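Below is one structure; the comments refer to it alone.
The values are calculated or read from the model by the stated rules, or taken from the named source; none is laboratory data. Note that the structure is a prediction, hence the values are computed from the model and not measured. Cβ: placed from backbone, ideal geometry, glycine included. Neighbour counts: every protein chain shown.
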């Protein structure tokens, strides 16, 4: 263990070269699993998993991933540990560091993730905050590599809410030279600071309020829910504001043979239609599977 652990709080915590290494490792793990080959690179190591927000894909993929790598994962719900009874995050972080080899956290405030990392002596992985979802982006990029054979000359359209998933994807697109267009209703765009970070990394994301403009000639169409966890009281307003931004067969007519991505869970009939998810264009379940492989690669890379 080094004195200064590597953390993964957003996608640009790794360089383009390091990102390439992680994605190549993810592909190798996927091949090994599908071939039934053992790959217990984290034998005897433990991942502590802090959850303030519930999850299906994040919990199961990390827990299964650690098992396949020969390690162990411990689920720590907010009410299962002293965090839910008022213990400062910095105390939780320093204590967990004495027990586990890495920490994955899924919390609301991004600032809380930064505190966990600041006081941890082991790697901290962002399993989701209100600002970022970098592990999802790793799976997204792995999926795009599989679909497109790489990233060269790939164009992607994000259509919908400029939420945490969109923000991390914009950073990931910049790191891999994906040509990204982001279409959101007015007032729902990606944070300007995130767009500036993407430009500083060499990306050039285009923003628009026209979903058809974004979709036209795109290789990848990506969306997420319009109403995220904690925004339920905004439902009526958002359903009105996002009218026209649904990923439907009509919208896909403006593309050639674009693959459709969604990080799930999907609200079928809202941001995407059920027939699109079930169509040959959809890669959403490949994308979901790739959470497992990408996160295994990330963990083994961080713990080398």
Checklist line | Selection within segment 39-84 - more than 21 Å from residue 230 (Cα to Cα), part of a helix (DSSP H, G or I) and out of contact with any strand residue (DSSP E or B) (no Cβ under 9 Å at 6 or more places or on another chain) | finding: 60, 61, 68, 82
Checklist line | Pairs with Cβ under 9 Å, 6+ apart, first in segment 85-101 and farther than 16 Å from residue 118 by Cα, second modelled with pLDDT under 90 and loosely packed, with under 15 Cβ neighbours inside 10 Å | finding: 85/79
Next item on the list: Only residues that are without any contact (Cβ under 8 Å) to a residue 60 or more places away in the chain, farther than 10 Å from residue 52 by Cβ and either loosely packed, with under 14 Cβ neighbours inside 10 Å or touching a strand residue (DSSP E or B) at 6+ places or on another chain (Cβ under 7 Å) (or both): list them for segment 105-128, please.
Entry: 111, 118
Next item on the list: With respect to residue 47, determine if the residue is under 23 Å from residue 131 (Cβ atoms), surrounded by 20 or more Cβ atoms within 10 Å (Cβ to Cβ) and either in the same structural domain as residue 124 (by TED's automatic domain parsing) or free of Cβ contacts under 8 Å to residues at least 12 places away in the same chain (or both).
Entry: yes
Check: How many of the residues making up segment 155-184 are farther than 14 Å from residue 263 by Cα and assigned to a helix (DSSP H, G or I)?
Finding: 7
Next item on the list: Could you list all residues from segment 29-38 that are surrounded by 14 or more Cβ atoms within 10 Å (Cβ to Cβ) and without any contact (Cβ under 8 Å) to a residue 40 or more places away in the chain?
Entry: 32
Notebook entry, point to check: Looking at 69, 42, 19, which one is surrounded by 14 or more Cβ atoms within 10 Å (Cβ to Cβ) and closer than 27 Å to residue 111 by Cα?
Noted result: 19
Item checked: Set 198, 183: member being buried (at least 19 other Cβ atoms within 10 Å of the Cβ), more than 15 Å from the chain's Cα centre (by Cα) and either within 14 Å of residue 271 (Cα to Cα) or modelled with pLDDT under 95 (or both) -> 183
